[in-house]
1. Please report, to one decimal in angstroms, the Kirkwood hydrodynamic radius of segment 164-218 built from all distinct Cα-Cα pairs.
2. Please give me the summed charge of the neighbours of F265: other residues whose Cβ is under 14 Å from its Cβ, Lys and Arg +1, Asp and Glu -1.
3. Can you tally the net charge around F336? Count Lys and Arg as +1, Asp and Glu as -1, for every other residue whose Cβ sits under 12 Å from the Cβ of F336.
4. Give me the Kirkwood hydrodynamic radius of the chain, using the inverse of the mean 1/r over all pairs of distinct Cα atoms, in Å to one decimal.
5. Mind listing which trypsin sites (Lys or Arg not before Pro) in segment 245-342 are in a DSSP loop and have 10 or fewer other Cβ atoms within 10 Å?
6. Calculate, in nm to one decimal, what F213 and T197 gain on full extension: separation in residues at 0.36 nm each, minus their alpha carbon distance.
7. For D302 and K383, what does the FRET efficiency come to when R0 = 25 Å and r is the distance between their Cβ atoms, rounded to the nearest 0.05?
8. Given a cut-off of under 8 Å on Cα pairs at least six residues apart, what relative contact order in percent is computed for the chain?
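Bear in mind these aren't lab numbers, they're just calculated from the coordinates by the rules spelled out. Every value quoted in this text rests on a predicted model; they were computed, and no experiment measured them. Glycine also receives a Cβ, built like all others from the backbone with ideal geometry; neighbour counts cover every protein chain displayed.
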Amino acid sequence: MLNTQPKIFISSTIYDLKNERRAALKAVEEVGGLPLMSEFTMPAVSSDSVTACLERVKQADIYVLVLGNRYGWRPEEKESITEMEYNTAVKNNIPVLAFNTPEDKEELQRLFERRVESAYFRKMVADAFELQTEMVRSLQEEIEKLKTKLYSQKEWIYSNLVKIHIPKTLYRAELNIDKKEVTAFNKERGFSSKKPTLQSYAISALKMKGISFPHDWVAYDKAIYTFHDLQDPSLPLAEIIDHGSVERFSVQEFYESNEDQLSKFKFLLKMCLETMLYKKGIKWIREDGLFAFIPVQKDEEDNWKDRKVTWTKGRKESTRQVVWITKDKKDNSKIFNLKCLAFRSRFELLENQWYISIKPDWTYLWSDFRYCRFGFKSIQNLKRMERNQKVYNDFVFILKYLQPSDSKSMFTQYDDYKFLALEQMEQFNFSPIIPDNTWLNLESPQERKKLESLKDGLFQ
């Protein structure tokens, strides 16, 4: 299909039509096309020359046939290369422009002429000059047809930006903590920080009171901000706030005030996401800047086990592995590290609608879930081997896993989180279409065959 520059394959015998082929080249250049011609533009290839030539025909947007007197070389005494090229173009539904010359033709060439004549002959040309003139006119017409066809077609494009639902109300209250007491408490338990943040002071203050509570809140400017109702005296956060200072206001009012508050609100959303994912067995890996699936079960020897997740997509139920355990080569009873499916995320505000972007990734962790830097090269190799369909499948799985349990894909082993919910994948009816050959030709032959056979999903 036509992309930015139409690719035009010129097919003919060479030695008896040198002038005509030069004229054809000029015609292609005049209409702004990319000529595919063995003697001028086709690069050297390592594969068989005939196979390589036919592959170039398949890549063409328009096929031009010029018939002289010679039938041409017949590999293995079968069809000539020119007729092979013609048949390949017809088989692949590539538009054919055929031009004939008045030259006396060999017997086999006359037979080939008859097979072509009925459907495709545009013009009998007397010489190279007339050929160039007629080719320019015919190519311009054909290119306009292709453009009209291309711009009238549409296809579904899937985005990794997903709409989210969040509360409309935000709560604020002044913090009521004694930093000196908190610092002394941290020293007693062997925990110290040179420059503790207000957030860390608040977390330690809760621990000092024996309170375990999710970190889906932010502390800055002597106050705490959260979706939790701070007016509720039974809320554990009520233990570290000044009750007389509680305010409630519009979420939109908060993040639209200034860039600093917008940044703080994004951080709050990140903390909410971290809380939601923790319940689903997904941990924030700060050193790698991503979320990773972690193991949730141990074996009889108290070692972590591979983690597999059973999920439902449509009517089909399948199992996907998300954590792989690697044993220590020197001591098989111990774990060396974990390979974990992961993803990076970012919150975006677009036309007053909040989205989350999800980008599948990988990470390696030690058995205590610390980041393992030795896995960097392995991750590079993994990414190098991944193709569009693999990344798309990972994205679909991750999204389904993060959605509420009443969605089409059911994960019932974890409770839903009330402050953050993800919608279905975004679809856009895109025009003009992105020609499949533009990216399919970049894939390996094996992967290309697999992708071309897909009937649904990303490549529908």
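1. Values: mean 1/r = 0.0783 Å⁻¹.
Result for segment 164-218, one decimal place: 12.8 Å.
2. Numbers: positive: K168, R172, K264, K266, K270, R346; negative: D216, D221, E253, E256, E259, D260, E348.
That works out to -1.
3. Values: positive: K327, K329, K330, K334, K339; negative: D328, D331.
Net of charged neighbours comes to +3.
4. Details: mean 1/r = 0.0358 Å⁻¹.
Taking every pair of different Cα atoms in the chain, averaging 1/r and inverting gives 27.9 Å.
5. Values: sites: R248, K264, K266, K270, K279, K280, K283, R286, K298, K305, R307, K308, K313, R315, K316, R320, K327, K329, K330, K334, K339; in loops: K279, K280, R286, K305, R315, K329, K330, K334.
Counting only loop positions with at most 10 other Cβ atoms within 10 Å, the trypsin sites (Lys or Arg not before Pro) in segment 245-342 are R286, R315, K329, K330.
6. Here the answer is 4.0 nm.
7. Numbers: r = 33 Å, r/R0 = 1.32.
Plugging the Cβ-Cβ distance into 1/(1 + (r/R0)^6) gives 0.15.
8. Working: 712 pairs, mean separation 69.4, N = 460.
Relative contact order here is 15 percent.
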